[in-house]
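Right, I'll just put the structure down here and ask away after.
The values are calculated or read from the model by the stated rules, or taken from the named source; none is laboratory data. Given the structure is predicted, the values throughout are model-derived calculations rather than measurements. Reconstructed Cβ throughout: ideal geometry from the backbone, glycine too, with neighbour counts over all protein chains shown. Remember, those area values only see protein heavy atoms, side chains included, never the ligands or the DNA or RNA. Shrake-Rupley method; radii C 1.70, N 1.55, O 1.52, S 1.80 Å.
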Amino acid sequence: SPSPSALERCSACSVRRQAMAMDTSTGDDLAEVYATAEAMEATTGKYDKAVELYLSIVQTDQQSEEVVKLKEQAIYKLGALYARGQEPEKLRALLQSIRPFFATIPKAKTAKIVRSLIDLVAQIPDTLSFQIELCRDSIEWCRAEKRSFLRQRIESRLAALYLQGGQYNTALDLLATLLREVKRLDDKPLLVEIQLVESRVHHALRNVPKAKASLTSARTAANAIYCPPALQAQIDLMAGTLHAEEKDYKTAFSYYYEALENSEASNDPEQAVNCLKYMLLCKVMTDSSDEVNAIITGKAGIRHAGEAMDAMRAVAAAHQKRSLKAFEEATAAYSKHLRDDPLVSRHLDALYDILLQSNICRIIEPFSRVEISHISELIGLPVQKVEAKLSQMILDRKFSGILDQGAGCLVAFDRDDGEKTYDATLDTLSNMSRVVDSLYLKAQKITA
């Protein structure tokens with residue numbers, strides 16, 4: 001019987017023969033090659049052979065309807081293989097090599113292929129700068145070929161990549177130019193996407209009023225068209241985020257719930273997990289930590305169980321106990337889901353500040369004079385941090401007192417609520433004055 005190496009050589013020869021026969025093959029032959037490539041793709045260790053066969057289909061010069069359809073499918077398959085193998089350079093080479101083929105197919109199909117290949121590059125980790133270069137290159141090609149529809153959509157994607165890379169001003173400049181152009185064309189689906197990205201950029205720059213204005217414009221445009229669940233989920237997610245920034249956590253919770261449902265409808269589990277995490281954050285921020293476990297053990301929580309849910313459960317437990325130590329342990333243990341998420345991190349900082357203040361107030365309440373080192377020991381934080389916080393609380397009038405830094409003590413005063421008798425006396429005199437004025441006017445009418 002032939003050895004395994006001999007069988008592999010025969011298989012490789014067969015692949016090369018099929019590839020060499022592409023120029024004279026019919027649509028049926030190409031379909032057979034495509035099926036062979038699919039079978040090899042599913043077989044371990046046959047990656048290179050599958051790529052070679054898909055490339056041979058993509059590079060064929062035949063132009064029949066069946067062949068064009070097979071070439072489209074082969075492009076998608078080849079792109080997926082390159083993405084799985086984490087080969088962004090080959091994806092770019094593929095996109096550039098098939099540009100002559102775009103002249104033979106409708107522009108809508110061209111747009112779909114280009115955007116799909118760019119999406120595949122996004123699946124490869126640490127390729128943000130590469131994606132930006134690829135988008136710029138594709139935009140230049142679109143300008144040369146006068147493909148405005150595709151160019152505008154790639155520019156919208158480029159603005160989102162600038163946002164992801166922290167190039168906020170560059171993103172705003174690109175969006176401003178793009179918005180003027182798209183408004184003239186009245187392309188509402190694209191307008192919604194652009195204004196949504198603009199809202200995110202303004203939010204990243206901490207300009208909440210402008211972020212709200214852009215989101216309102218996006219929702220107005222979305223109301224005039226059919227909005228896919230994926231896009232609606234992003235709109236609701238952004239609306240919830242802006243309401244959370246204004247401390248309106250109850251309204252934010254309802255928007256996050258809508259975003260969760262739309263994310264699940266559009267099969268986006270990663271975004272669904274984030275929506276559920278933000279819902280739990282809203283419950284914690286509204287002092288409803290006891291409801292967190294009920295949500296996690298509910299249907300949505302079970303569907304998206306994982307580290308993100310465990311992180312929010314730990315935060316809720318720390319908040320219920322009013323324990324700063326447990327809070328810090330939770331944020332350290334689940335840093336990926338808490339500190340690496342800018343939205344959660346910002347609100348958790350506010351929550352930590354509230355917890356710290358309440359703990360300090362509880363500790364100093366029985367004392368009129370207490371050493372700062374003693375407060376530091378009871379609360380489990382460095383003396384410098386406690387001293388800085390006490391200074392801030394005194395300036396914010398959270399309690400009355402002074403810091404005696406020479407003795408290292410806090411001197412707390414009884415809260416002076418003011419003498420209420422004087423205010424009551426002034427109110428009485430004011431009421432009497434109005435009564436006298438009223439009686440004087442009536443007396444004038446009688447004597448007139």
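For region 127-190, what size does the Cα cloud have along each of its three principal axes, sorted from largest down, in whole Å?
31, 24, 17
Evaluate 2.2 N^0.38 Å with N set to the residue count of the chain, then give the Cα radius of gyration divided by it.
Numbers: Rg = 32.8 Å, N = 448, 2.2 N^0.38 = 22.4 Å.
Computed over Cα atoms of the chain, the ratio equals 1.46.
Give me the one-decimal nm value for the distance between modelled label points at Leu378 and Val68, 7 Å along each residue's Cα-to-Cβ direction.
Inter-label distance under the simple model: 8.0 nm.
With +1 on the Cβ of every Lys and Arg and -1 on the Cβ of every Asp and Glu, and nothing else charged, how large is the dipole of the chain about its Cα centre, in debye rounded to the nearest 20?
Working: 56 positive and 61 negative charges, 191 e Å.
Approximately 920 debye in magnitude.
Pull up all non-local amide H partners of Cys409: gap of 5 or more, or a different chain, and H-to-H distance under 5 Å with H placed in the peptide plane.
Correct list: Ile372, Asp404.
If the chain between Glu87 and Asn293 were fully stretched, how many nm would it gain, using 0.36 nm times the residue separation less the Cα-Cα distance?
This chain segment gains 69.9 nm when fully extended.
Another question, then. Lysine pairs in region 67-192 8 or more apart or on different chains: how many have alpha carbons under 25 angstrom apart?
Eligible lysine pairs with Cα atoms under 25 Å apart amount to 29.
So if each residue of separation counts as 0.36 nm, and I subtract the Cα-Cα distance between Met432 and Glu270, what length gain in nm does that give? Mind showing how you got there, number by number?
Values: separation 162, 0.36 × 162 = 58.32 nm, distance 6.79 nm.
Full-extension gain reported as 51.5 nm.
If you don't mind, another one. Give me the accessible area of Lys389, 1.4 Å probe, in Å² rounded to the nearest 10.
10
Further, regarding this structure: What is the log10 of I(q)/I(0) for region 140-242, computed with the Debye formula using one identical point scatterer on each Cα and no solvent, at q = 0.18, 0.19, 0.23 Å⁻¹?
-0.83, -0.92, -1.30
Still on this model: Cα centroid distance between region 267-281 and region 284-347, in Å?
13
Roughly to the nearest percent, how much of the accessible area of region 30-79 is carbon and sulfur, given a 1.4 Å probe? Show your work: numbers first, answer last.
On the way: 1200 of 2370 Å².
Summing carbon and sulfur atoms, their accessible area is 51 percent of the total for region 30-79.
In square angstrom, what is the accessible area per residue of the chain with a 1.4 angstrom probe?
Working: 24440 Å² over 448 residues.
Here the residues of the chain average 55 Å² of exposed surface.
Next up: Which value at 222 nm does the chain reach when only helices count, each DSSP H run of 4 or more adding -39,500 (n - 2.57), with the total divided by all residues and rounded to the nearest 500 deg cm²/dmol? Intermediate values should be presented prior to the final figure.
Working: 24 runs with 342 residues, N = 448.
Result for the chain, helices only: -24500 deg cm²/dmol.
What does the extension gain come out to for Thr170 and Thr425, with contour length at 0.36 nm per residue minus their alpha carbon separation?
Details: separation 255, 0.36 × 255 = 91.80 nm, distance 6.29 nm.
Full extension of this stretch gives 85.5 nm more.
Tell me, what % of the accessible area of region 311-448 is carbon and sulfur with a 1.4 angstrom probe? Please list the in-between numbers first.
Working: 4890 of 9010 Å².
The computed percentage sits at 54.
I've got another one for you. Using +1 at the Cβ of each Lys and Arg and -1 at the Cβ of each Asp and Glu in the chain, identify which of Ala350, Gly380, Ile113 lies farthest towards the dipole's positive end.
Ile113
Hey, with R₀ at 45 Å, roughly what FRET efficiency would Lys112 and Ile394 work out to, going by the Cβ-Cβ distance, to 0.05? Before the final figure, lay out the partial values.
On the way: r = 63 Å, r/R0 = 1.39.
Given R0 = 45 Å and the Cβ-Cβ separation, E is 0.10.
Here is a further query. With +1 on the Cβ of every Lys and Arg and -1 on the Cβ of every Asp and Glu, and nothing else charged, how large is the dipole of region 306-436 about its Cα centre, in debye rounded to the nearest 20? Can you show the working numbers first?
Values: 16 positive and 20 negative charges, 45 e Å.
Dipole size: approximately 220 debye.
Can I ask one more? How big is the charge dipole of region 33-126 about its Cα centre, in debye rounded to the nearest 20, if each Lys and Arg gets +1 on its Cβ and each Asp and Glu gets -1 on its Cβ? Write down the numbers at each step before the final one.
Values: 13 positive and 12 negative charges, 57 e Å.
Its charge dipole is roughly 280 debye.
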